[in-house]
Amino acid sequence: MISEPIWQACLQESGKLGVFGHGFTYSGHPVCAAVANETLEIYKEMDIVTTVRKVAPALQDGFRAYADHPLVGEARGVGMMAALELVRDKKAKEPFAPQANVGLYIERRCQAHGVILRALGDALTAAPPLVASADEIREINRVVGVALDETLDHVKRCGLI
């Protein structure tokens with residue numbers, strides 16, 4: 001059961017794709033909807049919004065503190081999402097060649113130090129759980145600094161800068 005405009009959009013795209021594309025978040029299934037509703041109740045009980053408002057600035061400040069690092073072309077984020085864009089040339093904001101896998105390297109350095117972050121190309125991204133504590137955010141920020149320095153050493157050794 002979906003509205004006519006959504007149905008028509010699915011039908012049109014299905015003709016282009018050759019399959020009926022119809023996967024939507026929760027897909028209207030009663031069990032998924034009940035779980036979603038319960039999740040919202042838990043968020044209210046935990047006052048998750050207040051927690052995020054208290055902790056998110058530490059994540060943002062921590063990532064922005066690396067803006068002057070030689071590898072960082074841009075530090076950006078909002079709320080509990082942050083990213084560092086890694087660049088070969090800071091002034092020109094020239095990226096590394098994709099085959100250099102600099103993003104993957106820093107991602108693995110973070111993991112080696114106990115923090116799981118994700119590289120999207122050469123952007124190191126963080127999206128910690130909304131329930132992360134201030135201490136956990138500080139640890140993420142600390143590890144990012146260590147991994148940045150290790151990555152800088154790596155790119156220098158490899159002649160990438």
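The figures follow:
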quantity	calculated
Percent accessible area from carbon and sulfur atoms, the stretch 16-127, protein chains only, probe 1.4 Å	58
Solvent-accessible surface (1.4 angstrom probe) belonging to Val52, in square angstrom, nearest 10	30
Set of lysines near Lys91 by C-alpha distance (under 26 Å), chain-local residues within fewer than 8 positions excluded	Lys156
Local electrostatic count at Gln99 - Lys and Arg +1, Asp and Glu -1, tallied over other residues with Cβ under 14 Å	0
Gained length - Asp135 relative to Glu13, 0.36 nm times residue gap less alpha-carbon distance	39.3 nm
Antiparallel bridge percentage (DSSP; both residues within the stretch 50-161; nearest 5)	100
Among 87-94, 2-9, 127-134, the order from most to least packed when residues are scored by Cβ within 10 Å on average	127-134, 87-94, 2-9
Rg/Rh for the stretch 100-161, where both radii come from Cα atoms and Rh is the Kirkwood radius	1.01
Rounded accessible area per residue of the chain, 1.4 Å, Å²	64
Volume per residue of the C-alpha convex hull in the chain, rounded to whole Å³	175
Within the stretch 58-95: backbone nitrogen closer than 13 Å to the Tyr43 label point (7 Å, Cα to C-beta)	80
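The values are calculated or read from the model by the stated rules, or taken from the named source; none is laboratory data. What you see is a predicted model; the values in this text were computed from it and never measured. Heads up, the Cβs are rebuilt from the backbone with ideal geometry, glycines too, and the neighbour counts pull from every protein chain shown. Just so you know, the surface numbers come from the protein's heavy atoms only, side chains and all, with ligands and any DNA or RNA stripped out. Shrake-Rupley method; radii C 1.70, N 1.55, O 1.52, S 1.80 Å.
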